[in-house]
């Protein structure tokens, strides 16, 4: 079958249309426009493949598309993967699933997009389930005799021999396939995000601290809990309501329970007066008790979930009914966003729920397509609703797919492994996704602090107390540590907001795994510097298969371009850290490190290892009880680290509306120079008369630690 008809779709992006795909896809549903100007400014690249090297063949009711693969290259992406970062040698069955407990590829956000450390990416745009064989299969003609070994006698035997191709199973109806050029891995991901419209810019308040109250709380209990944050001097911007605010929750009505919330409007306004936004939990399945039920019934699928309708929100009429009700009962009274739960489905043997793949929907979509797309549909419906009011939103979602980088939603999970949550934060950066390692319960004070430290350096810092009522002060012996990191996040808000603005305009993820900032050769060189006695930090032996697993560095990440975060989990007091080239300082210790190598650091419970790059200029603000409203000016502190000159960026707008799209925003360059007499000078240049949220600018030079 012909694979030579690749067309240039955008700078550095090529498309192949296989057969005649007709159903909606993530890209067509999102209705995004590539950021052409930003793509034009990226490095010019040639196609990463000889198109003749790509193969397409029929395989029963599917098609197999395959790409060449180098012996040493690593493959990343395929969506929100919790169990590994390098997908090389694995099969990825990319179905939406709320319980990704096995390393099959199923996940909350399966994205059929992989990116190579050699500097290219491949994406299949389809609403169907895709299976990617990421160098895990060998055809007979590609199997060489030297790779065939006797497991009984040869310790070099491998369960997955080195393969020379990636094979992708796509639906027989066809699909649009895209290839993204580099030249670096970071360039590939930026192109992918820019092709999908760029990254999201959350409202400033969304980057504050969040707290979700226990289920079945009433109005007075919520107000009292919010007040406790102010009394405990713990910053908080968002209060989330869990099941119980609805008049019926499984299935849902989307209507307020009057016995617990008799006056929703005044309740939301009381919280707003104290600096709190309100976020509402919900899920897709509509109760017979809902006022929407009768109108949505003919617009819904053939199967129910928990007795509730599964509306076909690919239909304009169904989406309009949903948005009208949410506008009148939620948004117009001041609600700021949603937690979109249960839009993924479960395959647990003892708790399986979701409409089946053979379910029928009025639009002609089947259950497989609807399940793959449901998370995107809910994100776009609610985001469009807030956009119609010129109000930005930020929320949580439990299912997503490709082309989601513009959506103001952060993924989360009912699973609760801390190390997996850190790995998911790294992995989300490859696929245009955001992830929060939300905190719920804790086994003890140590587990509590380590989880809170991690979440404060994530896209959405949240404590979810819906099940057990935990608070930031639940472990009094470590309350000061928890308060310190929530306040530190508030102080770093100008830096975080600028990182998200770069995501929007340049496609650069605000949170990045290490392959974004270190090439394969740089990582290999850093590992090679370890003395032999330290090799146990990198390698473990798989006794069953007699092979070594090389550390993936999936437990540390960058925030913006100047901060490196290396979390610890319960039971750990030290760890290895991979530092990029250059000079680095412990953000809170001031200790100086030479980069381009692996270091060993110790950290007591009072500290998470955070490193700042020498020469960086970090914009900071005071730690306030909540993010100030638009138009409120706060002091700005510009902190320069190290002895060398350096620079940074500061982005600003009103923090709440979409007026920045019309140019009501500012970019300022922060430059530090050193005079011959050794004195430092700082300069702000850029849009001096544009929007500003800051006043009383002060500089601190040549810092080695954060005061």
*Compare the peptides 420-430, 460-470 by average per-residue count of other Cβ atoms within 10 angstrom and give them in order, highest first.*
420-430, 460-470
*Taking R0 as 51 Å, what's the FRET efficiency between residue 289 and residue 233 from their Cβ-Cβ distance, rounded to 0.05?*
0.75
*Starting from one equal scatterer on each C-alpha and no solvent at all, send me the Debye-based log10 I(q)/I(0) for segment 592-707 at q = 0.15, 0.16, 0.22 Å⁻¹, two decimals.*
-0.81, -0.89, -1.23
*Note down the Stokes-Einstein diffusion coefficient of segment 128-249 in µm²/s, whole number, using a Kirkwood radius over alpha carbon pairs, 20 °C, and 1.002 mPa s.*
101
*Mind putting together the pair-distance distribution for segment 1-51? All Cα pairs, 10 Å bins, whole percent per bin, short to long.*
19, 43, 34, 4
_On the principal axes of its Cα set, how long, how wide and how thick is segment 181-284? Give whole Å, largest value first._
59, 38, 20
*Figure the gain on full extension for residue 351 and residue 8 (residue separation times 0.36 nm, minus the Cα-Cα span) and round it to one decimal in nm.*
118.9 nm
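Please give the contour-minus-distance gain from residue 574 to residue 506: 0.36 nm per residue of separation, less the Cα-Cα distance, rounded to one decimal in nm.
Computed gain between residue 574 and residue 506 is 20.9 nm.
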*Assuming R0 = 25 Å, can you tell me the calculated FRET efficiency for the pair residue 690 and residue 384, based on Cβ-Cβ distance, to the nearest 0.05?*
0.35
*Let me have the relative contact order for the chain, percent, based on Cα pairs under 8 Å that are six or more residues apart.*
13
*asked:* What is the ratio of the Cα radius of gyration of segment 191-242 to 2.2 N^0.38 Å, with N the residue count, to two decimals?
replied: 1.62
*DSSP-defined antiparallel bridges as percent of all bridges, the chain, nearest 5*: 75
*What order, most packed first, do the peptides 594-602, 163-171 have when packing is the mean number of other Cβ atoms within 10 Å of each residue?*
163-171, 594-602
*Fraction of antiparallel bridges per DSSP, segment 207-361 only, in percent to nearest 5*: 35
*So, in Å, what gap is there between the alpha-carbon centers of segment 363-442 and segment 447-475?*
20
_Distance in nm between pseudo-label sites at residue 304 and residue 41 (7 Å out along the Cβ direction from Cα)_ = 5.4
*Between residue 216 and residue 17, 0.36 nm times their residue separation minus their Cα-Cα distance comes to what?*
66.6 nm
*Quote the convex hull volume per residue of segment 273-402, based on C-alpha atoms, as a whole number of Å³.*
126
*What is the antiparallel percent of DSSP beta bridges lying wholly in segment 628-703, to the nearest 5?*
70
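Tell me the mean residue ellipticity at 222 nm calculated for the chain from its helices only (DSSP H runs of n ≥ 4, each -39500 (n - 2.57), averaged over every residue, nearest 500).
Estimated from H runs of four or more residues: -6000 deg cm²/dmol.
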*asked:* Could you tell me the center-to-center distance, by alpha carbons, between segment 550-611 and segment 212-242 in angstrom?
replied: 33
_Highest average packing first - 291-300, 617-626, 376-385, Cβ atoms within 10 Å_ = 376-385, 617-626, 291-300
*asked:* Stokes-Einstein diffusion coefficient for the chain at 10 °C in a medium of 1.306 mPa s, Rh from the Kirkwood formula over Cα pairs: what value in µm²/s?
replied: 60
*In whole angstrom, note down how far apart the Cα centers of segment 335-352 and segment 46-73 are.*
35
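Between residue 669 and residue 184, what is the FRET efficiency for a Förster distance of 30 Å, r being their Cβ-Cβ separation, to the nearest 0.05?
Plugging the Cβ-Cβ distance into 1/(1 + (r/R0)^6) gives 0.80.
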_Quick check: from the Cα gyration tensor, does segment 7-195 come out rounded (a/c under 1.5), prolate or oblate?_
prolate
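We did not get these values from a lab; they are worked out from the coordinates using the rules stated. None of the values given here were measured: they were computed from a predicted structure. Cβ atoms come from the backbone with ideal geometry, glycine included; neighbour counts cover every protein chain shown.
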